[in-house]
1. Any idea what Rg and Dmax come out to for region 61-116 if you just take the C-alpha atoms, in Å?
2. Kindly provide the pair-distance distribution of region 78-153 built from C-alpha pairs, with 10 Å bins from 0 and whole-percent values in order of increasing distance.
3. Counting only residues 5 or more places away or on other chains, whose amide H sits under 5 Å from the amide H of Q98 once H atoms are built in the peptide plane?
4. If I take R0 = 45 Å and measure r between the Cβ atoms of S35 and Q117 in this structure, what FRET efficiency does the formula 1/(1 + (r/R0)^6) give, to the nearest 0.05?
5. State to the nearest 20 debye the size of the charge dipole of region 57-112 about its Cα centre, where the only charges are +1 on K and R beta carbons and -1 on D and E beta carbons.
6. Quick check: residue separation of Q128 and L65 times 0.36 nm, minus the Cα distance between them. What number comes out in nm?
7. When the label point is put 7 Å from the Cα of S140 along its Cα-to-beta-carbon vector, which residues of region 77-111 have a backbone N closer than 17 Å?
Amino acid sequence: MSVSFDCVSAIYDATRGLPPNVSEQVTDCILRLASATPATQFLEQPQYEFKQRWDEILAHYGVELTDYGATEADVLDALTQQGATIETIVAAEWRIEQTIDELLHRYQNRMYSASWQIPDEIFALAIQNLTTWCEQHYDSLDLDVSHNTRFQITIAPLGAVNSIRLRSPF
């Protein structure tokens, strides 16, 4: 299954999870660590703060988002069983300045590709539910939820083939 970026072409740059200088740090670190060849595998698992609640709301409307990847534990377990020695490197660290309202707006603006497959009529209802939940759950939508985050790279050499798992905070 392919994902079309046409629906967010006007705001695509804003959907990127890493600041430009951090993205360059991560790329440089990956290139140094991987010495990538056509046999190198890169596995990425996005992380979303509201994901569990969002998934519950969508399930209420009969929408189940497609999960294209395995869990971190599944991947690391499989690699360890194949004899890999696991090493984790922090490629970059930075601070995300954000309020609940700003995070909610990212969902409302469909800045996460997983939301692109949700039909518009269901998306509108689900966003209203998420907004109501935020208003009830938090004292204020101006609540500061800024946090430090990092981009981790897990390296698991398997003989002549390296498997690298990129762990983005998004």
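What follows is calculated from the coordinates using simple rules that are stated; it is not laboratory data. These numbers were taken from a predicted model, which means no experiment stands behind them. We place every Cβ from the backbone using ideal geometry, glycine too, and count neighbours over all the protein chains shown.
1. 17.1, 45
2. Computed distribution, short to long bins: 15, 30, 26, 19, 9.
3. Amide H neighbours of Q98: V145, S146, H147.
4. For S35 and Q117, the calculated efficiency is 0.80.
5. The dipole magnitude comes to about 200 debye.
6. Gain on extension, Q128 to L65, equals 20.9 nm.
7. Backbone N within reach: 98-104.
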